[in-house]
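This report refers to the structure that appears directly beneath it.
The values are calculated or read from the model by the stated rules, or taken from the named source; none is laboratory data. Note that the structure is predicted; figures quoted are calculated from it, not measured. FYI the Cβ positions are ideal-geometry reconstructions off the backbone, even for glycines, and counts take in every protein chain you see. Protein only, heavy atoms only, side chains kept; ligands, DNA and RNA dropped before computing areas. Shrake-Rupley method; radii C 1.70, N 1.55, O 1.52, S 1.80 Å.
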Amino acid sequence: MKRWIPRSLGWLPTVTVLIVVVLAGSRLIYLSVQHHGAVARQTAAGLAASFAAKIEPQLQNLAARAASQAAAAAQASPSADTRTAMESLPPAPGTFWMTAEDKVLHAPSKEAAIAAAIASEWRSAESGTAVPEAAMLGPIRLGSQWLMAARSPVSPSRGWAVAFADLDELVADGHLGRLIDRGYDFELSQVEPRSARSRSFVGSSTELLADAASARIRLPVPAAIPGSYLQVAIRPNAGWYPTTLLASEIGLLAFLGWLFAFGTHDLTHALQRSRAALQTARRTLRSIHQQLAAEMQQRLKLQETFDHARFHDAFTGLPNRRYFMDQLDRALRDVRTKRRQRIAVLIVDIARFKLINDMLGHTAGDELMVQAARRFEKSITAFEVVLARWSGDQFALLLLEVASAEAAMDLADLLKAELRTPIELRRHRLIVAANIGLTIVDSGQQRAEDIVREADIALSVAKRPETAGIVAYAPNMAGQAASLVSLEADLHVALEKHELALLYQPIVDLRTHRMVGAEALLRWHHPVEGVLAPESFLRTAEQAGLMMPITRWTIVRVVRLAKEWLHRLPANDNFFISVNLSPTAARDPALSDFIASQLREHQLPPSVLKFEVTEAALIGNVGAARESLEKMHAMGIQLMLDDFGTGYSSLSYLQLFPFDFVKIERPFVNRTTADKANTGMMAAMVQMAGSLNLTAIAEIIETEAAATALREMGCEYGQGYYFSEPIEAELALQRLRSQEPFRPAESSSDTAMVRPLEEELSPAARPQPAQSSASSRVAKPRPHEADSSPTAVMRSLDFSAEAEEDEDE
């Protein structure tokens, strides 16, 4: 019995689904027929209304012609008998005069027969009912033509002006024939409701259209036959619901019925097959449970292996950072509970690790760390130490019991000594150096992260060239690191808060001592530190990736200032403003396009801008720097090689890059015997620049003797405190406008090569001048710091030793 029931009901779900699909589909087809018919009728009604709207203006023109003729007759004889005027006034084509008795009074000879027929129709229309004075009659059949006529009364005496037109001409603009192309039948007819008659005048079929959508044509004046009106009727050729569409929907319903029935039948059999498969799966599950029990045992073993890998480095086998931090937390708890007196944390950084990776491959770097780890493990066997691999090129050591800071330093020396023996690596013998930062902890109140940070700060100090490679943490190091971080954070918002400013140091013609241009120099008005010179923050800006925004800000300010100067200076006054480019900016391929857009926006000639580039800005990527500078030079912007004579390959750069000027740094041109060599070297550099068709500009001119000697050597231009310190833009403009020769504010000795004593003092100890100009509020840099361009950081490194020698002299 149980087997028979499923078989007897096997087709029941299929038949049920088929009936439901057929009933639902039939209902949907019926609704579709109703909806399609309603939409078709609405569309046809819209088309009928559209064509009716096109015919109505023609009827309005017909009525307007009749009214115009009536008005013309009244104006022709305002005081005489209107009938006399109508007899004497010839009507326009398509119009005629008619008496009050509906007789033709005057009509063109060619249209006399049409006029008589229309007058007869008017008499017939007025015989039965009263017709309004202004009315429209028609359509009127005359032979094969259908005519429409409109009349308008002529006052003061009774008479009519009648205008007529062919119905085919009136409906020609409606283009009713196009409806046939769109699949519609149409009919233009007149309906008389009282007599229930309908006369068809124009149509696509000889039979009257039944069950059509219609639209009434509004007449501009009342119809001569009361209640009659014209209408346009439209009906689709295929009916309101095409048979083909109905057949396709019925076919779709049949297909869906078959599809659902087949799917139901297949699903029923699939369920039977699934029931059988379920029995098989249950049997398989029992065997899987047995296998799972065995696999659980294997998983426990794998978990132990995973835990070891989680806390140990894969290459060296040493504990990793996570294990080290856990051990450090435990050691700090021991210090807090006085179970340990003090601990120490050391971070060892392997020097030149990146170079080894680049030259020999990353696996060679890992092998180096493995050998270093084995040596460290041998050297610390006598200590209670946790040795871990901290990062790719660093180890961390936790010394769990430290007698004193000297003991920790001795361990650091021991680690460095282990690396003095050359390491055999890929057929290479390498001597590896290390830098070590350490911190001593005797209070358990600190966090593990803070202790590691102290050791890391000490390591960063140990990496400096002046240190011995091992540095213990001191409290003042945290303040220095915090100052650097704070300075970088403030620098990120300096542009938004308008804290950066520009000063301008005049560039002078050494023959006339008149100003020909200026160099834009950067200053930062820090809200806490005061006015900062570029060497205080530009290296941080370069490392933080802020040099491009600062350079672009400087260019925008200089371009706007140059435009203002052009408007305020006489037309024949020429000048230029030079801007220093940092190494990052000099190699930026998009900088030239930005400069070009600024010049176009402000309509400035390229000659007002010059850019200064140091050798340090070129050596990083010569190809990129050359491409960027050549784009600027092609725009007409002249370029300067700054600090000429201070590098190692300046002459080669003069030949490789499109420079127009060279700026000679710090000219030593004293008249004393001890400086004759320097003076000769200066003369040689000026002569070399001239032989290469370059213009020389001497920087940091501080004495009259220096200015005179440079002029005699053939140097054309110069700048320095002898002429002017960096000043505000308005003061520079006044100096440029006046064209007065520069004269020093106070006389200088021929042998004096440094600024007065007060300029060597700090800004706080320096005497403040009485003037209130903006330049007096800027801390004056020492002579070798006068250049505050974005490349001043590089210069401060190159000339630090030279500056100390100058101060000794």
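Before moving on, here are some points about what is shown:
- Single match in ARG286, ARG216 (criterion: touching a strand residue (DSSP E or B) at 6+ places or on another chain (Cβ under 6 Å), more than 28 Å from THR14 (Cα to Cα) and open to solvent by 80 Å² or more (accessible area, probe 1.4 Å)): ARG216
- Residue match in region 156-172 (condition: of a type outside the set (S, T, N, Q), under 60 Å from the mean Cα position of the chain (by Cα) and either within 24 Å of SER204 (Cα to Cα) or open to solvent by 10 Å² or more (accessible area, probe 1.4 Å) (or both)): yes
- Residue that is least open to solvent (accessible area, probe 1.4 Å), among those in region 201-213 that are closer than 21 Å to ARG41 by Cβ and part of a strand (DSSP E or B): ALA213
- Helices (runs of 4 or more DSSP H) fully within region 326-430 that include at least 1 residues being open to solvent by 20 Å² or more (accessible area, probe 1.4 Å) and within 23 Å of ALA474 (Cα to Cα): 405-418.
- Only one of the numbered conditions (1) over 30 Å from LEU62 (Cβ atoms); (2) open to solvent by 50 Å² or more (accessible area, probe 1.4 Å); (3) among the small types (Gly, Ala, Ser) is violated by SER198, and that is (1).
- Selection within region 41-77: residues that are touching a Ser or Thr at 6+ places or on another chain (Cβ under 8 Å) and open to solvent by 50 Å² or more (accessible area, probe 1.4 Å). The member of this set that is farthest from LEU137 (Cα to Cα) is ALA76.
- Residue in region 508-515 that is surrounded by 19 or more Cβ atoms within 10 Å (Cβ to Cβ), modelled with pLDDT of 75 or more, over 30 Å from ALA407 (Cα atoms) and out of contact with any Cys (no Cβ under 8 Å at 6 or more places or on another chain) present: yes
- Filter result for HIS498 (of a type outside the set (D, E, K, R), surrounded by fewer than 20 Cβ atoms within 10 Å (Cβ to Cβ) and modelled with pLDDT of 85 or more): no
- Test: residue in region 537-547 that is assigned to a helix (DSSP H, G or I) and under 30 Å from GLN603 (Cβ atoms): yes
- With respect to being surrounded by fewer than 13 Cβ atoms within 10 Å (Cβ to Cβ), closer than 30 Å to VAL22 by Cα and not hydroxyl-bearing (Ser, Thr, Tyr), GLY239 fits the description.
- Restricting attention to region 223-236, the residues that are within 21 Å of GLU169 (Cα to Cα) and either of a type in the set (Phe, Trp, Tyr) or open to solvent by 60 Å² or more (accessible area, probe 1.4 Å) (or both) add up to 1.
- Residue within region 304-311 that is part of a helix (DSSP H, G or I), more than 30 Å from MET148 (Cα to Cα), without any contact (Cβ under 8 Å) to a residue 24 or more places away in the chain and of a type in the set (Phe, Trp, Tyr) present: yes
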